[in-house]
Amino acid sequence: MRRLLVAHPSAYLYGAFLADNVVGKNRAPANLHCHAWSVGRGLLDVAADPVERAFAIGYAAHLAADEVAHREFIPVKLVESYPGRGLRHVYWELRFDSRVLQVRPEVIDEWRRVAGDERAADLRKFLARHLHPALLSHGASHSIFAGTMAMQRRTTWLEAARRVDQRSPFPLSAEEFEWYRERSVDAVLGFLSDPDGERSPPRDAVGAAEIEEAKRLRRGLRRARRHHPPDAAALARLGPALRLAAAARRPLAAAVREVLGWTP
């Protein structure tokens, strides 16, 4: 594994980027969702040469990180921010991604470099042959994805994202960001050291059950606000409690009950 990735680092990074290349991914059947482990492992199985294999490993490494994003970060933030409006899944992903770019602005330059590699077009064709297109064709999805990556390089976009991050009543603190970043890195390293999942079988990288439960809790908490108005001190404790519960694979409702004294 190490020798392969040292030999083909650009292919690995390109695979990690392109795991988000499908627009409307949630329109695909569960077993064909581009973030399903069956799809990621399928790419590893059909990789025909070292470059394709390094690309597929990068793709699967992205799924390992998504286990943290979709089973922990997104559900926690959906529940924690229940008093706010419009703070949905995409909002929190953008908040986290914009913070990544603030801390590591060279990420976009890395994207441009690996997307311009001589094997990039071949790797996109390899991916298109084995991925369900979901809402749009693979070509259309890639055009949108590449345009989004280019937009994030613009100073105006970065400044707007920074203002949202600074002014939101629901902060993403440096400590919390680092907590999730480290857990994501650990998940990737865990996958790379055990790619077949023999020691620790992978969890659902889509996080469908966790996100749906978080939405249910969020709706219930919002409906109950008239009888249980949010208390600032309790809300300050809620985020850390939810974070620890998610990391320990405990139900988020248990953390809500412990902090607020009730659950919807």
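FYI, it's all coordinate maths here, none of it is from the lab. None of the values given here were measured: they were computed from a predicted structure. Every residue, glycine as well, gets a Cβ built from its backbone with ideal geometry; the counts of neighbours run over all protein chains shown.
Which angle between 0 and 90 degrees, to the nearest 10, do you get for helix 37-46 versus the longest principal axis of the chain when only C-alpha atoms count?
Value to nearest ten degrees: 10.
I want to check the label-to-label distance for Ala208 and Val90. Put each point 7 Å from Cα in the C-beta direction and report it in nm to one decimal.
Distance between the two pseudo-spin positions: 2.1 nm.
Using a basic spin-label model with each label point 7 Å from the Cα along Cα→Cβ, how many nm lie between Arg163 and Ser193?
If labels sit at Arg163 and Ser193, their model points lie 4.5 nm apart.
Take the Cα gyration tensor of segment 93-225, multiply each eigenvalue by 5, square-root it, and list the three semi-axes largest first, rounded to whole angstrom.
Semi-axis lengths for segment 93-225 are 28, 24, 19 Å.
Based on the Kirkwood radius over alpha-carbon pairs, what is the Stokes-Einstein translational diffusion coefficient of segment 16-127 at 25 °C with 0.890 mPa s viscosity, in µm²/s?
D, rounded to a whole number, is 157 µm²/s.
Considering the dipole of the chain built from charges on the beta carbon (Lys and Arg +1, Asp and Glu -1) around the Cα centre, which of Ala48, Trp157, Leu260 is farthest to its positive end?
Looking along the dipole axis, the top candidate is Leu260.
Of Ala69, His33, His89, which is farthest towards the positive pole of segment 11-94's charge dipole, taken about the Cα centre with +1 and -1 on the beta-carbons of Lys, Arg and Asp, Glu respectively?
His89
Relative to the longest principal Cα axis of the chain, at what angle does helix 50-68 sit, 0 to 90 degrees, rounded to 10?
Value to nearest ten degrees: 0.
Order these by the 10 Å Cβ neighbour count, fewest first: Tyr12, Tyr91.
Neighbour counts put them in this order, fewest first: Tyr91, Tyr12.
With point charges of +1 on the Cβ of Lys and Arg and -1 on the Cβ of Asp and Glu, referenced to the Cα centre of segment 202-252, which listed residue (Ala205, Ala248, Leu217) lies farthest in the positive direction of the dipole?
So the residue we want is Leu217.
If each DSSP helix of 4+ residues adds -39,500 (n - 2.57) and the sum is divided by the residues in the chain, what number results at 222 nm, nearest 500 deg cm²/dmol?
Counting only the DSSP helices, I get -21000 deg cm²/dmol.
What are the ³J(HN,Hα) values, in whole Hz, obtained from phi via the Karplus relation 6.51 cos²θ - 1.76 cosθ + 1.60 with θ = phi - 60°, for each residue of segment 88-102 in sequence order, with x given for Gly and Pro?
Each residue's phi maps through the Karplus curve to give 9, 3, 4, 4, 6, 5, 5, 4, 5, 4, 5, 5, 4, 5, 5 Hz.
At Glu182 and Ala7, where each label point lies 7 Å from the Cα along Cα→Cβ, what is the point-to-point distance in nanometres?
Distance between label points: 3.5 nm.
Would you work out the charge dipole size for segment 10-126 about its Cα centre, treating the Cβ of every Lys and Arg as +1 and the Cβ of every Asp and Glu as -1, and quote it to the nearest 20 debye?
440
Rounded to the nearest 20 Debye, what is the dipole magnitude of the chain about its Cα centre when Lys and Arg each give +1 and Asp and Glu each give -1 at the C-beta?
1140
Taking 51 Å as R0, compute the FRET efficiency from the Cβ-Cβ separation of Ala121 and His227 and round it to 0.05.
Calculated value: 0.30.
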